[in-house]
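Heads up, the thing below is written out as structure tokens.
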Amino acid sequence: MPSSSAPPRPSRHPLASPPRLRLFPLQQVLRNYSAALFRADLKAALNVALLAIPQGMACAKIAGLPVAATGIACAAIGSLVGPLFAHSRHTNLGPTNATALMAFSSLASFAAPDRPSLLVLLTLMASAMLLLGAALRMADLIQYISRSVIVGYISGAALLIIAAQLPDALGIDPAHRSHQAQTFPSLLAQSLGNLAHSSGPDLLLSACSLLLFTLLSRQPSLQKLPCFALTLALMAALAALLQARGFHVHCLQPFALRDLAPSLPNLTAPSTADHISRLLGPAFAIAFLAALEHSVMTKSLASRSGDRPDLNQDLLGCGMANLGSACFGGLPVSGSLTRSLLNFTSGARTPISSLLCGLFCLAGALLLGRVVSFIPQAALAALIIALSLSLINRDHLRICLRATRADALTLSATFLATLLMPLHVAIFLGVATSIVLYLRQAARPSLVEYDFTPEGSLTERPDAHHRSHPAISIVHVEGELFFGAAELFRSQIQHTAADPNLRLIILRLKNARHLDATSVLALQELTAFLRQNGRNLLISGLSKDVYRVLKNADMVDFIGRENLFIGSAQNPNLSTRNALKRAQSLLGSSQADIRIFYDPSQPSPS
């Protein structure tokens, strides 16, 4: 495996605090670099560059921007800058389908001449957010995002990319296209409504591209070949043959060296503040998506290589790569799973392979200016469609739809939002849906009323049975008591208190967790409600954390210090026994003198 003789990575204890960010982690690799490592990295870099160059062109086309400055140059800068600051040795940073589509969605409402300069502003803002996230160690929070959100978003984005590429794949002239179409239904309706304007030669090139790419990529003996670049080259030859026979074929626009100069925004212009305001939400969504993609890719490769990921350091690398891309007018960049996986399987041993890949991409951007004019748009669009189809993972969809109802709802909401809404809204709607459904599930504490057997032991009381002591109810509370559970907690206790014979409630909070202000207020209102009806509330089994919350909120005196009983790990039921003795005192009866297990050799908690 590629990881067998790689330069050593600094080890740390798995429970240790996250390591500090390093400004130049590549220097450790350079200290132990050798000719053997260079040969392995060079081979991997060449393989990845043959994929990165046409993929950069494809991503620029998805974003509706020039393939040179925003596509190929972006792939080069991402590969050159990212490894200088990142931790992962197999990561290849550059434009991806999802971030390119997000950029397209973000800039679609602006005038076409303004988009290149606004792209720089958008990428710069996303870069600042990623760098801030790395400085605040926010990368670890990505693990709390439901995988159903990712699967739903990627699946919806794949269909959206396909719909956006259909006009080029069908050879529909740009004059018959509507620039207002951005959602999946409108894009699909636009293509279907203009079928009469499709071009026969372009349709032929699309069909041949799909067929050839599918055949090449499914042959095990050919999978190590740059199938994407090879298909484009063969389709360019076929397009040249068709043009020689007098057929018209739509090809990409050539570019010169001067076209690589970025269109930098005028930050002092009066409209800049308005542009920043309009792009703030999309920039945050792009930063969030880039961090999400990068985290998933890094952990996926680390599980195969045996490396230990450092997500915050990799987030710093992603932020710096976006900063470099913005300076050169490129698209937002992220960790590409396809290119990074190819880097790993091609035998890359260090991050130097990504640097070499960047140099190859840069050379391609400088040398391919005239060559791209031979590449048919229909062939590139067809290959983008093929790549997009591969993003839809049927196994992941099946698992998310069948695992739980919450997963199915999260996936469906994210998927539909991606097809019908702006992408920066869709991704956050999916995240919000997953959080709401999680809180709904977590905010269901278990409240079980207990009673005593004739032997004096605690047991769950069946609803149909009368309490052995009608004046006392012992309610065991287990689960989360944060703000989402407060109302359910209060309503269930009030339901228990509806019994007119009940004079006293003992709450056992031994297994209750995460009491917060909302729950404390609910407890205060419950205490006041019981007192108004001449009843009392006792709390047993208090953990130190819960007691600390009550003390900080001045609830100890309100409930009564004599009515609170801290739990004992040695004698789990001792606090309940002490609460029962307090209940006996309040009721003025010896009926509550119940035999309950406790170890008299252990000291009673104060």
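The values are calculated or read from the model by the stated rules, or taken from the named source; none is laboratory data. Here the structure is a predicted model, which means the values were calculated and not measured. Note that we place each Cβ from the backbone using ideal geometry, even for glycine, and neighbour counts take in every protein chain shown.
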Report summary line: Scanning the range 565-580 for residues that are outside any loop (DSSP other than H, G, I, E, B) and in contact (Cβ under 8 Å) with a residue 24 or more places away in the chain, the one nearest to V475 (Cα to Cα) turns out to be T576
Query raised in the report: Quick one: would you say A233 is in contact (Cβ under 8 Å) with a residue 40 or more places away in the chain and either on the phi > 0 side of the Ramachandran plot or not assigned by TED's automatic domain parsing to the domain that holds G324 (or both)?
Result: no
Query raised in the report: Among the numbered criteria (1) part of a helix (DSSP H, G or I); (2) within 23 Å of A169 (Cα to Cα), which single criterion is violated by L65?
Result: (1)
Query raised in the report: Going by the structure shown, is L118 out of contact with any Gly (no Cβ under 7 Å at 6 or more places or on another chain) and under 28 Å from L383 (Cα atoms)?
Result: yes
Report task. Take the residues in the range 330-342 that are in contact with a Ser or Thr (Cβ under 6 Å, 6 or more places away or on another chain) and not β-branched (V, I, T), then tell me which one is surrounded by the fewest Cβ atoms within 10 Å (Cβ to Cβ). Result -> S340
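Residue-wise test of (1) of a type in the set (A, V, I, L, M); (2) at pLDDT 90 or above; (3) in a helix (DSSP H, G or I); (4) closer than 30 Å to A36 by Cα.
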site	(1), (2), (3), (4)
A321	yes, yes, yes, yes
G329	no, no, no, no
L342	yes, no, yes, yes
F360	no, yes, yes, yes
I385	yes, no, yes, no
L389	yes, no, yes, no
F415	no, yes, yes, no
Requested in this report: Return the total of residues in the range 58-84 being modelled with pLDDT of 85 or more and surrounded by 24 or more Cβ atoms within 10 Å (Cβ to Cβ).
Outcome: 11
Requested in this report: Check the range 276-299 and report whether any residue there is closer than 28 Å to A348 by Cβ, surrounded by fewer than 21 Cβ atoms within 10 Å (Cβ to Cβ) and free of Cβ contacts under 8 Å to residues at least 24 places away in the same chain.
Outcome: yes
Query raised in the report: Of the residues that sit in the range 384-402 and are out of contact with any helix residue (DSSP H, G or I) (no Cβ under 6 Å at 6 or more places or on another chain) and without any contact (Cβ under 8 Å) to a residue 60 or more places away in the chain, which one is surrounded by the most Cβ atoms within 10 Å (Cβ to Cβ)?
Result: I399
Report task. May I ask you to list the residues in the range 511-542 that are out of contact with any helix residue (DSSP H, G or I) (no Cβ under 8 Å at 6 or more places or on another chain) and either free of Cβ contacts under 8 Å to residues at least 12 places away in the same chain or more than 11 Å from L481 (Cβ to Cβ) (or both)? Result -> A528, L530, R531, Q532, N533, G534, R535
Query raised in the report: Which of the following residues is surrounded by 15 or more Cβ atoms within 10 Å (Cβ to Cβ), part of a helix (DSSP H, G or I) and hydrophobic (A, V, I, L, M, F, W, C): L509, L521, L537?
Result: L521
